[in-house]
Amino acid sequence: MALRLWASSAANALRVSTSAATSRPAFSLLRSFSTVVEGLKYATSHEWVKNEGSVATIGITDHAQDHLGEVVYVELPDVGKTATKGTGFGSVESVKATSDVNSPISGEIIEINSKLTENPGLINSGPYEDGWMIKVKPSNPSELNTLMDGKEYTKFCEEEDASH
């Protein structure tokens, strides 16, 4: 009963509608807390890509960082290495777990976000801005067509969260 009252109070404070029968939000909290940026492409492994022609910026999504919790360490590859679609290029360690980060596209790594070495929390505070991880020169730009847009990614996350 106390949990139901807490959930109802929290939903009220957050202005989330609840179902009277369950006192649970009527929709996924993803919409309230996770940001999906239109114009980016998304992988099912929760990485994003910002394509800028000859350069693509890659990072983990807001949804991913939210599930990880406070990020305390980031391992990044060396500039000049090759990122391969679907293969790990680094890892993110949080207070909860360590997770590999897969590249959503293939290409030569031309820049890393060295700020993450001293301030890995940038992934939590701005996963799409200051928390980007690598920049690559795409070797096969058509791989971008296999990724989800913002609406598809939002639906994917809602379905994934509902199944857990």
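Where a number appears in this text, it was derived from the coordinates with a stated rule and is not lab data. Fair warning: this is a prediction, and the values are worked out from it, not measured in the lab. Backbone-built Cβ (ideal geometry, glycine too); neighbour counts: all protein chains shown.
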Legend entry - Extension gain from residue 159 to residue 84, taking 0.36 nm per residue of separation minus the Cα-Cα distance: 24.3 nm
Legend entry - Cα-based Rg and Dmax for segment 79-164, where Dmax is the largest Cα-Cα distance (Å): 14.3, 40
Inset, instruction - Step through the residues of segment 146-163 one at a time and calculate ³J(HN,Hα) from phi using the Karplus curve (6.51 cos²θ - 1.76 cosθ + 1.60, θ = phi - 60°), rounding each to whole Hz and writing x for Gly and Pro. - result: 8, 8, 7, 8, x, 5, 5, 5, 4, 4, 4, 5, 4, 5, 5, 5, 5, 7
Inset, instruction - Sum up the charges of everything whose Cβ sits under 14 Å from the Cβ of residue 114, counting Lys and Arg as +1 and Asp and Glu as -1, but leave residue 114 out. - result: -3
Legend entry - Label point distance in nm, residue 118-residue 144, each placed 7 Å from Cα along Cα→Cβ: 3.2 nm
Legend entry - Inter-centroid distance (Cα atoms) of segment 136-164 relative to segment 32-69, Å: 8 Å
Legend entry - Charge context of residue 80, other residues only, Cβ under 13 angstrom, K/R +1, D/E -1: 0
Legend entry - Net charge, residue 152 excluded, C-beta distance under 13 Å - Lys, Arg +1, Asp, Glu -1: -2
